[in-house]
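Colleague: The following block contains the structure, expressed as structure tokens.
The values are calculated or read from the model by the stated rules, or taken from the named source; none is laboratory data. Here the structure is a predicted model, which is why all the values come from computation and not from measurement. Methodologically, a virtual Cβ is constructed for each residue, glycine included, from the backbone with ideal geometry; neighbour enumeration extends over all protein chains shown.
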């Protein structure tokens, strides 16, 4: 009988994820299940509401990738009502988007994923002088690298461990044989973990300047609620804009002189993971960062396209409005569809929960039955991987010079072939390489905004279509973006100035989906197949691959109304 390893909950993610892996007699994963164990029904909450308010509800799906749902939502409403936003609004949205990408990717590497590769307790054995020499070699332009600095840190870390209260470092698999970094590299990583923790709260001040706050900055159907007046004390002025520039410059230092060097240094010890965790081999990017309006996909900095079967010689087009392309299934999901409907395009989508799983707490799920609160989205019937790796591959395969340059440089530094991209290591590296691109694009968007303001254009919103009296009686629209975790889209049906239907398909729905009616695994499940576990009782290898996707189950498993009234009751006990 096969050994079944259960990881529930998977920690260092957003939301509630359960993974079950079945091992063969060699300790290699032969089958796996990814189960979203939480449901919130946001699509149900939005029905009947004012479309102009949708972004404020959608943004609160998640407190991590906070801004992207608002962006997709306002774009969906604008698409339905044929609303065009001013150039400055598009630029500010790009700035907000790129700020989110840079902050989120750095947080993911240091605070969510690094502990899969870094042994914190091993750092206690490090020689501070040797750590200093290593840090100066790895990150020669990073200022905090003296022997005294690492000696003080080692002392603090020892007191922390000796106290027996490891806090956020508790319950990890310290001492696991799969850890390969020397003690000095582990101590350096701990230092940068703490430095990144201090820095990440600074860059999001860009959101507070343009959006009023973080998390959940303000958006506006028709543009951005960001009044700009260069000489005013009551609007975004030159002093605030100069402050934004300084924050971007600081972000460049963190990304180029700490994050990327650390990423390459850690990866160099784990090149065997360039052959593990590849998964589906199908990749999809909706694209984003428009340069000529949201309608001109050809001018996106992040290109749109689909790659099937690891074929980098062909990028296939995709159409989010085509019912033959994007569909969702519920064959293994705790939902029910109308009789005879096996798959639905989001415009026709329904969200009717129907739990049929075992009574909690349970030892295991049945892989042959329904086992997740996540639906199973498919592109032309294919399971797809989305996220930084998908975006980098689509950019690389599309011949984008910036993408080819950073990918080629990284492969050369690690001395691995291009096939290494199709792996857990490739997925982790792609996020860092994308961050390097994003932080420079962030400065480029800032420069564009300043140029527009100097030319006398300070408009940030167009409210000509604000009043419902200007809307058609019925309209459908869609809005998309590339969240840090991948392709995100919202589909809306407006009728008589109210939301008739709203469907959200998020990155973790694509990646963490259960099997479909044809038995195709989702991206998480597929990536775990054929992974060897050194110690099934401490499944560190499972966490490495799952964390490489940066799961966000809060987004994927979408109930109470604003006045506390019950909208839905789901009984699972």
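Colleague: Does any residue of region 513-521 turn out to be buried (at least 24 other Cβ atoms within 10 Å of the Cβ) and under 15 Å from residue 555 (Cβ atoms)?
Modeller: Yes; the residues of region 513-521 include at least one that is buried (at least 24 other Cβ atoms within 10 Å of the Cβ) and under 15 Å from residue 555 (Cβ atoms).
Colleague: Would you confirm whether any residue within region 274-291 is closer than 19 Å to residue 41 by Cα and within 24 Å of the chain's Cα centre (by Cα)? It would help to see each step written out before you state the result.
Modeller: Step one: filter region 274-291 for residues closer than 19 Å to residue 41 by Cα, giving none.
The answer is no, given that none of the residues of region 274-291 is closer than 19 Å to residue 41 by Cα and within 24 Å of the chain's Cα centre (by Cα).
Colleague: From the list 306, 244, 254, which one is under 21 Å from the mean Cα position of the chain (by Cα), part of a helix (DSSP H, G or I) and on the phi < 0 side of the Ramachandran plot? Write out each step before concluding.
Modeller: Working: 306 fails: part of a helix (DSSP H, G or I); 244 fails: under 21 Å from the mean Cα position of the chain (by Cα).
Result of the check over 306, 244, 254: 254.
Colleague: Please determine, by comparing only the residues of region 413-424 that are part of a helix (DSSP H, G or I) and buried (at least 24 other Cβ atoms within 10 Å of the Cβ), which one is modelled with the lowest pLDDT. Outline the logic, then answer.
Modeller: Kept after step one, since they are part of a helix (DSSP H, G or I), are these residues of region 413-424: 413-414, 418-421, 424.
Cutting the leftovers down to buried (at least 24 other Cβ atoms within 10 Å of the Cβ) gives us 421, 424.
Numbers: 421: 95, 424: 98.
Restricting to residues being part of a helix (DSSP H, G or I) and buried (at least 24 other Cβ atoms within 10 Å of the Cβ), the top hit is 421.
Colleague: Then there's this: Between a residue in region 307-324 that is more than 23 Å from residue 399 (Cβ to Cβ) and any residue that is modelled with pLDDT of 95 or more and assigned to a loop (DSSP other than H, G, I, E, B), which pairs come within a Cβ distance under 6 Å, given they are 6 or more apart or on different chains?
Modeller: 323/345
Results for (1) buried (at least 23 other Cβ atoms within 10 Å of the Cβ); (2) assigned by TED's automatic domain parsing to the domain that holds residue 225; (3) not in a helix (DSSP H, G or I), shown as yes or no for each residue.
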{"residue": "395", "(1), (2), (3)": "yes, yes, no"}
{"residue": "408", "(1), (2), (3)": "no, yes, no"}
{"residue": "411", "(1), (2), (3)": "no, yes, no"}
{"residue": "426", "(1), (2), (3)": "yes, yes, no"}
{"residue": "431", "(1), (2), (3)": "yes, yes, no"}
{"residue": "443", "(1), (2), (3)": "no, yes, no"}
{"residue": "451", "(1), (2), (3)": "no, yes, no"}
{"residue": "457", "(1), (2), (3)": "no, yes, yes"}
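Colleague: Working only within region 145-160, note down all residues that are at pLDDT 95 or above and surrounded by fewer than 20 Cβ atoms within 10 Å (Cβ to Cβ).
Modeller: Scanning region 145-160 gives 146, 147, 148, 149, 151, 152.
Colleague: Of these, 335, 362, which one is surrounded by fewer than 18 Cβ atoms within 10 Å (Cβ to Cβ) and at pLDDT below 95? Walk me through it before giving the result.
Modeller: On the way: 335 fails: surrounded by fewer than 18 Cβ atoms within 10 Å (Cβ to Cβ).
Answer to the selection: 362.
Colleague: For region 31-56, which residues satisfy the criterion of being loosely packed, with under 15 Cβ neighbours inside 10 Å and in a strand (DSSP E or B)?
Modeller: The answer is none; no residue qualifies.
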